[in-house]
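Here is the structure we will look at.
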Amino acid sequence: MANYRRAAEFPKCKKCGRPGVVRHHVTYKPERTAQICVRCHGEITKVNAAAAVVLRSKLNNSLRTLLWNWFLIYQDIINENVVAQALGKKVEFTPKQILFIQGAYTSVTRRRKTKKKKK
């Protein structure tokens with residue numbers, strides 16, 4: 001007889017409570033991770049990308065932690081303008097910036113193809 005696990009035994013997303021999670025790095029050094037579903041992982045990745053565009057710099061640990069805590073409590077639809085407002089900035093995004101932000105999640109999950117060296 002197969003050993004089935006009840007749905008209650010699976011880890012749940014820290015934001016929305018869905019079962020089935022992936023590991024998200026809130027910070028890298030020191031490593032701080034959280035278990036969230038794929039959908040929420042895509043959202044927080046877009047939040048971080050939007051914040052980097054708004055601030056025109058890489059995110060340090062304190063900013064990543066601040067954005068993570070904001071993400072956990074924010075209940076409305078998240079887009080680049082909402083992130084800019086949360087950071088207290090008014091930004092006119094270029095189409096290239098919006099494409100970068102919207103594509104941030106897919107670039108994280110897409111496998112990179114290795115180029116063959118020419119002889």
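Read-outs: derived from the displayed coordinates by stated rules, not from any lab. Remember, predicted model here, so these are calculated numbers, not experimental data. Reconstructed Cβ throughout: ideal geometry from the backbone, glycine too, with neighbour counts over all protein chains shown.
Remark on the range 11-107: Rg and Dmax equal 13.0, 39 Å (Cα only). Subtracting the Cα-Cα distance of residue 96 and residue 28 from 0.36 nm times their residue separation leaves 21.8 nm of extension gain. Each label point was placed 7 Å from the Cα along the Cα-to-Cβ direction; for residue 62 and residue 35 their separation is 3.2 nm.
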